[in-house]
Amino acid sequence: NTRNYSEYVGFATLPNQVHRKSVKKGFAFTLMVAGESGLGKSTLINSLFLTDLYKDRKMLNAEERITQTVEMTKHTIGIEEKGVKLKLTIVDTPGFGDAVNNTESWRSVVDYIDQQFEQYFRDESGLNRKNIQDNRVHCCLYFISPYGHGLRPVDVEFMKALHEKVNIVPVLAKADCLTPRELTRKKIKIREEIETFGIKIYQFPECDSDEDEEFRLQEQELKDSIPFAVVGSNILVESKGRRFRGRMYPWGVVEVENPAHSDFLKLRNMLVRTHMQDLKDVTRETHYENYRAQCIQDMTRMVVRERKRRSAIHKHGHPHSF
């Protein structure tokens with residue numbers, strides 16, 4: 001047995017070491033929610049993470065809503081489950097649709113994402129590289145209204161302004177106002193429109209050929225679920241002796257976590273159990289990398305320009321000579 005043992009170098013245990021270390025450090029994830037006001041964004045976030053992030057929030061009346069400032073709010077909570085710590089940050093973007101003029105409602109959101117990249121770039125290039133806080137936005141849940149005929153111009157504009165900077169996961173809000181047939185048709189229509197308008201949403205990673213069939217089917221099912229139809233609710237409903245989160249209607253009960261009623265569980269599993277790391281990887285390797293390359297390019301340009309200016313002064317002895 002000792003002979004066999006000595007034939008291994010031993011790096012097979014690497015994943016455990018890395019995993020143990022990161023578990024000890026804890027994980028951080030930043031999720032942004034965007035879309036029209038009144039589509040249940042806060043409710044969904046609360047039900048996704050079983051927390052009440054918005055308990056102090058008061059509902060605004062119509063006048064207040066119109067004057068409501070267009071600012072981003074950020075909630076950070078620590079969640080711990082079986083010894084694994086997650087620092088979850090939710091970035092709530094100002095809902096649009098209330099203002100008469102929704103043009104460029106995405107501007108503040110794009111600025112926010114860029115600011116996080118800029119901060120990270122500074123920290124990474126600075127002296128404080130050891131303990132960088134990662135506040136980059138890893139995923140944006142974009143809420144689409146179920147009442148329209150598909151995507152509205154504001155949706156297209158918004159997603160296109162963001163798609164090079166963040167992983168967009170489209171969500172069809174308040175799905176309980178559609179019949180199953182309408183829902184299926186609407187999903188297909190929205191997927192077609194996303195393609196037609198050239199919107200790049202988050203792509204589930206391609207399956208390797210050696211992945212098992214079950215995994216492949218799961219990934220396909222996720223792709224076919226886009227936009228995820230959600231019904232958010234934190235209300236515990238009792239029906240036929242069971243308690244579950246849902247909404248009571250005169251004609252029956254909608255269960256948030258019942259796959260037949262909503263894609264809620266699919267969305268939650270995707271965000272937390274299966275694709276959280278991939279969302280972070282894509283953010284780092286694609287979106288942030290693009291930002292960083294652009295920064296370095298701009299810096300280089302400035303240096304070159306400055307050099308040219310200096311050599312011109314040097315040559316002619318006078319800055320006004322060109």
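The values are calculated or read from the model by the stated rules, or taken from the named source; none is laboratory data. Just so we're clear, the structure is a prediction, and the values are computed from it rather than from any experiment. In this analysis, Cβ positions are derived from the backbone assuming ideal geometry, glycine residues included, and neighbour counts consider all displayed protein chains.
Note on region 156-207: residues that are among the charged types (D, E, K, R) and in a loop (DSSP other than H, G, I, E, B) total 5.
If you go through region 143-164 and keep only what is buried (at least 23 other Cβ atoms within 10 Å of the Cβ) and not aliphatic (A, V, I, L, M), you end up with Phe143, Asp155, Phe158.
Residue-wise test of (1) at pLDDT 90 or above; (2) surrounded by 11 or more Cβ atoms within 10 Å (Cβ to Cβ); (3) among the acidic types (Asp, Glu); (4) in contact with a Ser or Thr (Cβ under 6 Å, 6 or more places away or on another chain).
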site: Pro227; (1), (2), (3), (4): yes, yes, no, no
site: Glu255; (1), (2), (3), (4): no, yes, yes, no
site: Pro259; (1), (2), (3), (4): no, yes, no, no
site: Val272; (1), (2), (3), (4): no, yes, no, no
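Filtering region 294-322 to residues that are at pLDDT below 85 and not hydroxyl-bearing (Ser, Thr, Tyr) leaves His314, Lys315, His316, Gly317, His318, Pro319, His320, Phe322. Kindly indicate whether any position in region 110-127 is in a loop (DSSP other than H, G, I, E, B) and without any contact (Cβ under 8 Å) to a residue 60 or more places away in the chain. Checking region 110-127: at least one residue is in a loop (DSSP other than H, G, I, E, B) and without any contact (Cβ under 8 Å) to a residue 60 or more places away in the chain.
Summed over region 150-167, residues that are over 18 Å from Lys186 (Cβ atoms), within 14 Å of the chain's Cα centre (by Cα) and free of Cβ contacts under 8 Å to residues at least 60 places away in the same chain total 1.
Scanning region 167-225 for residues that are touching a Leu at 6+ places or on another chain (Cβ under 9 Å) and at pLDDT below 85 yields Lys174, Ala175, Leu178. Scanning region 79-93 for residues that are in contact with a strand residue (DSSP E or B) (Cβ under 8 Å, 6 or more places away or on another chain), touching a residue at least 24 places away in the same chain (Cβ under 8 Å) and not basic (Lys, Arg) gives Ile79, Val84, Leu86, Leu88, Thr89, Ile90, Val91, Asp92, Thr93. Summed over region 291-312, residues that are small (Gly, Ala, Ser) and surrounded by 11 or more Cβ atoms within 10 Å (Cβ to Cβ) total 1.
Residue-wise test of (1) in contact with a Lys or Arg (Cβ under 6 Å, 6 or more places away or on another chain); (2) exposed (fewer than 13 other Cβ atoms within 10 Å of the Cβ); (3) within 27 Å of Ala229 (Cα to Cα); (4) at pLDDT 75 or above.
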site: Asn16; (1), (2), (3), (4): no, yes, no, yes
site: Ser37; (1), (2), (3), (4): no, no, yes, yes
site: Asn61; (1), (2), (3), (4): no, yes, no, no
site: Arg65; (1), (2), (3), (4): no, no, yes, no
site: Thr69; (1), (2), (3), (4): no, yes, no, no
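Checking Ile144, Ile113, Ile79 one by one, the residue that is touching a Leu at 6+ places or on another chain (Cβ under 8 Å) and at pLDDT below 90 is Ile79 and no other. Of all the criteria given as (1) under 28 Å from Thr283 (Cβ atoms); (2) free of Cβ contacts under 8 Å to residues at least 24 places away in the same chain; (3) exposed (fewer than 12 other Cβ atoms within 10 Å of the Cβ), the one not satisfied by Gly198 is (2).
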